[in-house]
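The values are calculated or read from the model by the stated rules, or taken from the named source; none is laboratory data. Worth saying up front: this structure is predicted, and the values here are computed from it rather than measured. Because the Cβ atoms are built from the backbone with ideal geometry, glycine has one as well, and the counts that use them run over all protein chains shown.
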C-alpha cells in the first residue's frame, strides 16, 4: 500500500515530463524524417510518378494532373509549403511553382496542359530533374534532411553521394562545436579543480563565502553576463586597458568576435557547473588518506596522482560531462561574442526554426546533436567504469 502511495506521488511529475518534454521532443525529432508537404499538395503528380523512373521520358499523363494539383494546392494554401520543400533540392523552383499555379488558374478552359505549356512557364518545371526531386519527396518518410545534416544528398538516380563543396558545412560545424565544447570543458576543469580543492581545505565560514562567489553568476541573466564580456573584452575595454597600462602590450588585442572571446565567455558561464560536482565529492575524501600515503614514503605529487585523483575521478567525469553537454547546446554566447567562424550547431538550429522555417533540417541537426551527446555520454560512462551518473 505504501509503495502505491509513493508511486502516486510521482504521477504529476511523470505526466508533466511526458506532456511538456517527451511528446514535444519526439514530435520535433520526427520532422527530420517526415515528408508531408509534397504528398499533400501534389497527390496526382506522385501517383503518375510511381511508375516512372529517372532516365525515362516524362509520361504525357503527368502534366494534366500536375496542373490540377497546382490549382487545388494554391486554393488550399498547401502549395507554398511544398514549393519551399522542393526548393531545397531544386534551387529557384519555389517562385516558379507559385507562378505556374497562377498561370494554370488563369489559363483559358481549352488550354492543353502539357510539357510544352510548363516549359513556357519555366523549363525547370518540364525537366526530369524537377520531377525526380518531386518523386523523392513522396512520403510518408524520407532521409533527405538526415542526409543533408551529414553533408550527403541523392543524385538524379537516387544514389547517395557527397553534397557539393559549397553545401558541405554541417560536419565542419559539428567538429567545431565539439572542439569548442571540449576546450571549454578543459578550461573549466583546470580552473575549477583548484577552487573545489580549496573549498575543502578552508574553514567552514570561509568556504561559505567562497561558495557564494561561485554561485553569484547564477543570480545574473545569461544575456547580461555575455553582454558584459562584450564590454570588457573590446579593444577599448578593461582587459586591453589594463594590459596596456602595465606595458605588457603595445596595441589592443583582438579578444572579441573570435574564438578567444567565445572560450572566455563560455568558461565564465559554465565554471560553476564544474566546481559544484567536484566539491560535492572532494569534501567526502578523508584527508588522512594523503597523510597515510606520505607516511608510507609517497611524495605529495605521487600521493595526489595515485591516491587522491582516482577517488576524485567520478566528480571529474560528472562535472566534465555536465559542462560539455551544456556547451554543446550554447547559442547566445557564441552569437554575441563570436565571429562567423565560431558559430556552433545550435546557431544553425535556431536559424532554421526562426528565420527560414526549415523545421526538417533543424530537426535533423538537433537529432545529430542528441546522437552525438548520447554517444559521448556512453563513452564517458564506459571509461569511468560506470560512474558517469554517480558523483559518489
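Structure values in brief
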| quantity | calculated |
| --- | --- |
| In the stretch 29-51, the residues that are in contact (Cβ under 8 Å) with a residue 24 or more places away in the chain and over 14 Å from residue 137 (Cα atoms) | 29, 30 |
| Filtered residues of the stretch 366-381 (kept if surrounded by 19 or more Cβ atoms within 10 Å (Cβ to Cβ) and either within 22 Å of residue 270 (Cβ to Cβ) or touching a strand residue (DSSP E or B) at 6+ places or on another chain (Cβ under 9 Å) (or both)) | 366, 368, 369 |
| Which listed residue, of 246, 263, 216, 255, is in the same structural domain as residue 288 (by TED's automatic domain parsing), under 22 Å from residue 322 (Cα atoms) and free of Cβ contacts under 8 Å to residues at least 24 places away in the same chain | 216 |
| Residue 154 over 30 Å from residue 317 (Cβ atoms), surrounded by 15 or more Cβ atoms within 10 Å (Cβ to Cβ) and more than 22 Å from the chain's Cα centre (by Cα) | yes |
| Filtered residues of the stretch 334-350 (kept if surrounded by fewer than 17 Cβ atoms within 10 Å (Cβ to Cβ) and part of a helix (DSSP H, G or I)) | 340, 341, 350 |
| Residues within the stretch 114-133 that are buried (at least 17 other Cβ atoms within 10 Å of the Cβ), outside any loop (DSSP other than H, G, I, E, B) and in contact with a helix residue (DSSP H, G or I) (Cβ under 8 Å, 6 or more places away or on another chain), tallied | 10 |
| Test: residue in the stretch 244-261 that is at pLDDT below 90, within 26 Å of residue 369 (Cα to Cα) and part of a helix (DSSP H, G or I) | no |
| Among the residues listed as 185, 267, 177, 226, the single one being under 21 Å from the mean Cα position of the chain (by Cα), at pLDDT below 90 and crowded, with 19+ Cβ neighbours inside 10 Å | 226 |
| Top-ranked residue of the stretch 89-107 - restricted to ones that are crowded, with 18+ Cβ neighbours inside 10 Å and within 26 Å of the chain's Cα centre (by Cα), ranked as nearest to residue 138 (Cα to Cα) | 89 |
| Looking only at the stretch 60-75, and only at residues there that are touching a helix residue (DSSP H, G or I) at 6+ places or on another chain (Cβ under 6 Å) and free of Cβ contacts under 8 Å to residues at least 24 places away in the same chain, the one that is nearest to residue 137 (Cα to Cα) | 65 |
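One line per residue, one yes/no per condition, for (1) surrounded by 10 or more Cβ atoms within 10 Å (Cβ to Cβ); (2) within 28 Å of residue 148 (Cα to Cα):
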| position | (1), (2) |
| --- | --- |
| 12 | no, no |
| 31 | yes, yes |
| 41 | yes, yes |
| 44 | yes, yes |
| 65 | yes, no |
| 81 | yes, yes |
| 84 | yes, yes |
| 87 | yes, yes |
